[in-house]
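Just so you know, all these numbers are worked out from the coordinates, no wet-lab data involved. Note that the structure is a prediction, hence the values are computed from the model and not measured. Please note: Cβ atoms are built from the backbone with ideal geometry, for glycine as well, and neighbour counts cover all protein chains shown.
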Amino acid sequence: MTIDRLVLVLLWLLSAMLAFLFIPRRHIRVAVISFLACQALLWVSSLSLSQYKILEFPVREFPKATHLLVTTQYFFYPFLCCLYVVNEPVHRRTINWILLLSLTGAVVLIDVLLVSFTHLVHYERYTWYWNWIVFTGQFAAARAYCYWFFRYSESARPNGE
């Protein structure tokens, strides 16, 4: 097993462990909706970036099916967005923005480590700050969509609001 495949397995294991630790049962619906919303946004942006050769994924799980890395683009990054939406504090705008910028900074750091030490991601005409802007916009849009989606359901709002 190469180091790239080992990193992919570790990302799956880390996600499973974080899911059991940080997603309460009462917020499963919110977690699923935020996961799917972020996954849709990330899929469109990553697919367009890889189509125009701005971002490349040399090692992929399904090389004949897609030009994207399934573990990060379809699972790990949307999962981190779902953790953000489920665990954000209620009615604290400043803290929410600080948390959003910190979490997307951590996601970008993970991506930069993947670029630097593995063959999973390769930036052609792309840099870490563009990635930070894209992730911040996508996480904020997924959060806004979740609040809109659960607007009328008092029992299913994020954090029991």
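Numerical summary
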quantity: Helix-only [θ]222 nm of the chain, DSSP H runs n ≥ 4, -39500 (n - 2.57) each, per residue, nearest 500; calculated: -22000 deg cm²/dmol
quantity: Relative contact order, percent, region 1-132 [alpha-carbon distance under 8 Å, six or more residues apart]; calculated: 32
quantity: Residues Tyr52, Tyr84, sorted so that the one with the fewest Cβ neighbours within 10 Å comes first; calculated: Tyr52, Tyr84
quantity: Cα-centred dipole magnitude for the chain, charges only on beta-carbon of K, R (+1) and D, E (-1), debye, nearest 20; calculated: 340
quantity: Per-pair calculated FRET efficiency, R0 = 25 Å: Ile3 and Ile95 via Cβ, rounded to 0.05; calculated: 0.10
quantity: Residue order, fewest to most beta carbons within 10 Å, for Lys64, Lys53; calculated: Lys64, Lys53
quantity: Percent of C-alpha pairs per 5 Å bin, the chain, short to long; calculated: 1, 9, 17, 22, 20, 14, 9, 5, 2, 0
